[in-house]
Amino acid sequence: MIMEVCPMKNYYHEIYLQPKEKVYIDPNAPLTVEDMCEISGEDQIVNQIKSIEVFRKPYVKPIFVVPLLQIIKNIKNRYPDVKINILSERDILIEVNNGAKNKFFYFLKMIFVCLLLFIGAGTAIMNFHADVNMDTVQKNFYEFITGEKTDHPLWISIPYSIGIGIGMFVFFNHISLKDKKSNNPSPLDIELNSYQTTIDDYIRSKSKESKN
Amino acid sequence: MNFWDGLILISISLAGGIGVGTAVVSFVIVLDIVPRLVQLTKTHDYSTLYEIILMFGVLVFTVSYLFPFKLPLSNLTAIAIGLLMGIFIGMLAAALEEVLNVIPIIKERLNIDKGIFYIIMALSLGKIFGSLMYWIYPSIYH
């Protein structure tokens with residue numbers, strides 16, 4: 001069924017597939033090869049292969065793994081003569097976006113996390129200061145430098161507080177000198193991404209286990 | 001208290017503040033507390049807001065430790081704030097356990113397969129009772 005592209009040349013009809021790592025799909029749409037991979041090859045073959053369906057509507061689980069062999073099998077069922085080259089060996093993770101986001105609960109959860117982080121960060125820093133006797137240190141330091149005894153060494157306390165703010169701000173990398181949305185992610189973004197990648201790898205490796 | 005003393009004081013304490021701020025925040029980040037919260041509540045879009053809240057919390061409580069001011073809030077607010085403090089410290093302790101691989105080692109050394117849930121419950125309850133005893137019986141910490 002492969003259309004004769006150019007009868008003079010004599011090669012396999014060949015495509016290159018690069019599977020995506022993670023795909024978010026609508027629960028009502030069928031899952032085609034194009035959704036899951038980047039396809040490269042001759043235009044006519046690509047157009048035919050793009051729309052091959054691999055899975056359809058009732059998606060049982062909200063997150064599941066599509067093995068690459070399944071895609072190869074479905075393509076070979078339709079076009080047995082095509083030579084398929086796959087450029088990755090990691091299976092594809094599919095996540096189904098079901099259910100509309102309940103805006104009120106979303107907001108409530110955000111408020112809870114904000115409160116938790118606010119109080120929590122405060123607890124951490126207060127316990128740290130109490131542990132290291134920061135106020136005694138500052139009073140002694142002030143007496144050491146200037147020779148005056150005071151209960152509130154403001155000359156140290158105020159720059160110290162400003163310094164804490166600057167330290168955190170610089171750490172989180174919110175200043176971008178040249179361009180607005182620069183490519184430098186903040187450490188929190190990196191940590192979020194690494195955590196999410198660990199979860200995805202776990203799901204992939206769990207689906208490949210077989211308990212005998 | 002001349003100009004040079006002031007300048008030395010300001011620069012040294014600024015440097016000290018920068019060091020402490022960076023250290024505290026990176027400690028909280030490296031323990032994966034915020035990513036775990038984001039995953040639980042699925043509020044990925046607000047991650048920048050959580051960074052700002054962390055900074056804000058640290059600043060407000062630093063200032064309140066060094067220049068004590070008083071707020072006229074009730075006991076009920078104290079209950080809520082105490083609960084939040086406890087939740088955060090609990091997450092910190094659990095994250096440290098996670099980093100030290102306590103539970104996988106228990107599972108492997110004692111050959112326990114199905115009782116992991118009970119082990120975690122036991123650890124959490126032990127922490128709760130230990131903390132209660134620490135605060136309620138004053139002879140322990142004097």
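The values are calculated or read from the model by the stated rules, or taken from the named source; none is laboratory data. These numbers were taken from a predicted model, which means no experiment stands behind them. Here Cβ is always computed from backbone atoms with ideal geometry, including for glycine, and neighbour counts include all displayed protein chains. Just so you know, the surface numbers come from the protein's heavy atoms only, side chains and all, with ligands and any DNA or RNA stripped out. Shrake-Rupley method; radii C 1.70, N 1.55, O 1.52, S 1.80 Å.
Annotations for the structure displayed:
- The ellipsoid equivalent to the alpha-carbon distribution of segment B:51-142 has semi-axes of 34, 19, 12 angstrom, derived from the gyration tensor eigenvalues as √(5λ) and listed largest first.
- For residues of A:185-192, the mean tally of beta carbons on other chains within 10 Å: 6
- Taken about its Cα centre, chain A carries a charge dipole of about 700 debye when Lys and Arg each add +1 at the Cβ and Asp and Glu each add -1 at the Cβ.
- When the accessible areas of A alone and B alone are added and the area of the pair subtracted, with a 1.4 Å probe, the result is around 5900 Å², both sides summed.
- Where A:188, B:40 fall by accessible area, highest first, once all protein chains stay in place (1.4 Å): B:40, A:188
- Scanning chain B for trypsin sites (Lys or Arg not before Pro) lying in DSSP loops with no more than 12 further Cβ atoms inside 10 Å, the longest uninterrupted stretch between such sites is B:71-113.
- Counted over chain A, the DSSP beta bridges are approximately 55% antiparallel.
- Above-threshold pairs, the threshold being 23 Å between Cα atoms, out of A:50/A:101; A:109/A:208; A:20/A:76; A:109/B:127; A:61/A:208; A:57/B:42: A:50/A:101; A:109/A:208; A:109/B:127; A:57/B:42
- Solvent exposure of chain A as accessible area per residue, Å², 1.4 Å probe: 64 Å²
- For residue B:129, the accessible surface of its heavy atoms amounts to roughly 130 Å² (probe 1.4 Å, protein chains only, rounded to the nearest 10).
- Under the convention that each Lys and Arg Cβ holds +1 and each Asp and Glu Cβ holds -1, the size of the dipole of the protein assembly as shown around its Cα centre is about 980 debye.
- Derived scalar couplings between HN and Hα for segment B:35-40 equal x, 5, 5, 5, 5, 5 Hz in order, rounded to whole Hz, by the Karplus curve 6.51 cos²θ - 1.76 cosθ + 1.60 (θ = phi - 60°), x for Gly and Pro.
- With the convex hull drawn around the C-alpha atoms of the protein assembly as shown, the volume per residue stands at 240 Å³.
- Gyration tensor over the Cα atoms of segment B:4-115: the corresponding equivalent ellipsoid has semi-axes (square roots of 5 times the eigenvalues, largest first) of 34, 21, 16 Å.
- Charging the Cβ of each Asp and Glu at -1 and of each Lys and Arg at +1, and nothing else, the dipole of chain B about its Cα centre rounds to 340 debye.
- Under the span-like rule (Cα at least 20 Å along the axis, Kyte-Doolittle mean at least 1.6), DSSP H helices of chain A: A:154-171
- Alpha-carbon Rg with Dmax, taken over chain A, Å: 28.9, 97
- Residue among A:48, B:8, B:20 farthest towards the positive dipole end of the protein assembly as shown, charges placed on Cβ: A:48
- Carbon/sulfur fraction of accessible area - segment B:70-126, other protein chains in place, 1.4 Å, %: 70 percent
- Accessible area, probe 1.4 Å, largest first, for residues A:14, A:21: A:21, A:14
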